[in-house]
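Each reported figure results from applying straightforward, stated rules to the coordinates on display, with no laboratory input. In this text the structure is predicted, and so the values were computed from the model without any measurement. Here Cβ is always computed from backbone atoms with ideal geometry, including for glycine, and neighbour counts include all displayed protein chains.
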Amino acid sequence: MKGLIQRVSHANVSIDGETVGAINRGILLLLGVEKGDTVQSADKLLHKVLNYRIFPDNEGRMNLSLRDTNGGLLVVSQFTLVADTRKGMRPGFSKGATPEQGEQLYRYFTEQAAKQLNQVATGRFGANMQITLENDGPVTFMLEAPAE
């Protein structure tokens, strides 16, 4: 399981012009599910997302986590994150989970996040979404949780 996190001042996701999820200061997470990922993979990645120290403390150092700052989390499914881009000029998607498994783990991830944070918003799995964000920094990291 892979997650691309971006520290944002605000972010929202829309489908057909309608906003379906929005947060203020926090993290935009683009979430990719691979074959072999499990709920344990999701739990590990969620722990990392919530506790990864990417927010500035009083001295401007990245010492605070999303949990420390009580920020928002916007989770958007993005199967293209798990693409194999090592060869050729077209991405390969053989490492990606099936749509059914991907949706199941995406829903599990977002449900678990909502139990631990005050502000969790999502996109819609499998939809064509438009994301608007104001990247804060920019601060962007790829986080991975290995399949069990």
Proximal lysines to residue 115, defined as alpha-carbon separation beneath 20 angstrom and excluding residues fewer than eight positions away on the same chain: 44, 48
Between 0 and 90°, nearest 10: helix 99-116 axis offset from the chain longest Cα axis: 20
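Order these by the 10 Å Cβ neighbour count, fewest first: 44, 115. Please report the intermediate quantities before stating the final value.
Values: 44 17, 115 9.
Result, fewest neighbours first: 115, 44.
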Antiparallel DSSP beta bridges within segment 1-143, percent to nearest 5: 75
In degrees, nearest ten, helix 39-51 long axis to first principal axis of the chain (Cα): 30
Label-to-label distance, nm, for residues given as residue 58 and residue 43 (7 Å Cα→Cβ offset): 3.6
